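Before any comments, here is the structure.
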Amino acid sequence: MHIEYQNDLKPGQAEILVRDLLEVSFGPEELGNPDDLITELAGSGLQVCSAWDGSRPLGAAIGWFATPEITMLSWLAVSPLTRGHGVGSELFHRAISQWESCHNPLLILGEVENPHLHVASDSMAIRVGGGRFINDWVPNIWTFLSRCPDSARMYRWARTCG
């Protein structure tokens, strides 16, 4: 498997990403209308860092700029094919770095479901609200953020759903 990381989607990749990764990772209440999301991804409404093996999506970190000062990480999904191979962590790091260098937000928010109240399914891709993944990953987020060079910058995971 050859993993290619991208900061932009190539033509046609938005639909593949939504249909093959995001729709199986998130319910309609979390994802919204898939066709609207494809349109937004193909346009400039959302910021995407993604991982691919040829034409197969392996993961994506998708965010949007709520204000010039605030960026929201809306979806982070990783295919079961790459679970445990660091793809989610790499996407998270790349997304944060890209957003910092391009827009320099004061605050980056993301929603994380409480892993003690939500159980991840092996058939679903790892996602921000994905239970087991969060159990292992949240401590690494804080380790990463504690190494950020700008100590005045504030990062916070907005809330824990329950």
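The values are calculated or read from the model by the stated rules, or taken from the named source; none is laboratory data. What you are looking at is a predicted structure, and each value in this text was computed from that prediction instead of being measured. FYI the Cβ positions are ideal-geometry reconstructions off the backbone, even for glycines, and counts take in every protein chain you see.
Within the range 25-47, can you find the residues that are β-branched (Val, Ile, Thr) and surrounded by fewer than 17 Cβ atoms within 10 Å (Cβ to Cβ)? Steps first, please.
Initial filter on the range 25-47 (β-branched (Val, Ile, Thr)): 38-39.
Matches in the range 25-47: Thr39 only.
Identify, please: which residue in the range 52-69 is in contact with a strand residue (DSSP E or B) (Cβ under 8 Å, 6 or more places away or on another chain) and farther than 17 Å from Trp99 by Cα and is, among those, surrounded by the most Cβ atoms within 10 Å (Cβ to Cβ)?
Selected residue: Gly59.
Please go through the range 1-21 and pick out each residue that is part of a loop (DSSP other than H, G, I, E, B) and surrounded by 13 or more Cβ atoms within 10 Å (Cβ to Cβ). First the steps, then the outcome.
Of the range 1-21, the ones part of a loop (DSSP other than H, G, I, E, B) are 1-3, 7-12.
Across the range 1-21, the qualifying residues are Ile3, Asn7, Leu9.
Somewhere in the range 86-96, is a residue without any contact (Cβ under 8 Å) to a residue 12 or more places away in the chain and surrounded by fewer than 16 Cβ atoms within 10 Å (Cβ to Cβ)?
Within the range 86-96, one or more residues are without any contact (Cβ under 8 Å) to a residue 12 or more places away in the chain and surrounded by fewer than 16 Cβ atoms within 10 Å (Cβ to Cβ).
How many of the residues in the range 53-88 are in contact with a Phe, Trp or Tyr (Cβ under 9 Å, 6 or more places away or on another chain) and of a type in the set (Lys, Arg)?
Residues flagged as in contact with a Phe, Trp or Tyr (Cβ under 9 Å, 6 or more places away or on another chain) and of a type in the set (Lys, Arg) within the range 53-88 amount to 1.
Please count how many residues of the range 27-45 are modelled with pLDDT under 90, within 22 Å of Glu111 (Cβ to Cβ) and not charged (D, E, K, R).
5
Could you grab me the full set of residues in the range 26-76 that are touching a residue at least 60 places away in the same chain (Cβ under 8 Å) and not hydrophobic (A, V, I, L, M, F, W, C)?
Glu30, Gly59
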